Amino acid sequence: MVGWVTEKSMKRAIVVSVIVLVVGLAAAASPFDKKGDTSRLLTGKVMDRQDSPLPNAVVYLTNTRTRAVKTYIVGQDGSYRFPSLSPNTDYEVYAQYNGKKSDTKTVSQFDNRQLVNINLKIDNR
């Protein structure tokens, strides 16, 4: 019958609509999927051995392929942030505070997380 909508076809249309809506919302919710953006974000805190933040510490991020270095001076809460990192590159990160240095940590290209969090500790005694 032309023009008639059966109960079965109506249920099918509703299910398809819900699936499309859910998939669309999931895609829109990701902050990294803008126009195919696959870059990574490195965040963390610089702290002393007692887990207190070290304001004004300097964080160094080295691209191991190009040897280019970026720096970040942390604020009062000890937080740092390096956005837009290439997913196909290894990075090394460490911090310095009053002439003391943290251990160097690596962000591997084989780690597929888009948000990487690395806390750096400095023994400032």
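The table for this structure:
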quantity	calculated
Search result, residues across the range 105-125 that are in a loop (DSSP other than H, G, I, E, B) and within 13 Å of Leu41 (Cα to Cα)	Ser108, Gln109, Asp111, Asn112, Arg113, Gln114, Ile118
Some residue of the range 64-74 being surrounded by 13 or more Cβ atoms within 10 Å (Cβ to Cβ), in contact (Cβ under 8 Å) with a residue 24 or more places away in the chain and not in a loop (DSSP other than H, G, I, E, B)	no
Residue, farthest from the chain's Cα centre (by Cα), within the range 111-125, restricted to residues that are modelled with pLDDT of 95 or more and surrounded by fewer than 13 Cβ atoms within 10 Å (Cβ to Cβ)	Asn117
Test result for Arg81, under 19 Å from Thr38 (Cβ atoms), in contact (Cβ under 8 Å) with a residue 24 or more places away in the chain, charged (D, E, K, R) and in a loop (DSSP other than H, G, I, E, B)	no
Filter result (among the hydrophobic types (A, V, I, L, M, F, W, C), within 18 Å of Asn117 (Cα to Cα) and at pLDDT 95 or above) within the range 29-79	Leu41, Leu42, Val46, Met47, Leu54, Ala57, Val58, Val59, Leu61, Ile73, Val74
Restricting the range 43-63 to residues that are assigned to a loop (DSSP other than H, G, I, E, B) and of a type in the set (A, V, I, L, M), the residue that is surrounded by the most Cβ atoms within 10 Å (Cβ to Cβ)	Ala57
Options Tyr94, Tyr80: the member that is surrounded by 17 or more Cβ atoms within 10 Å (Cβ to Cβ), more than 14 Å from Val107 (Cα to Cα) and among the hydroxyl-bearing types (Ser, Thr, Tyr)	Tyr80
In the range 107-123, the residues that are farther than 14 Å from Val58 by Cα and touching a residue at least 40 places away in the same chain (Cβ under 8 Å)	Val107, Arg113, Gln114, Leu115, Val116, Asn117, Ile118, Asp123
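The values are calculated or read from the model by the stated rules, or taken from the named source; none is laboratory data. Since the structure is predicted, the reported quantities are computational estimates derived from the model, not experimental observations. Cβ coordinates were reconstructed from backbone atoms using ideal geometry, including for glycine residues, and neighbour counts include every protein chain displayed.
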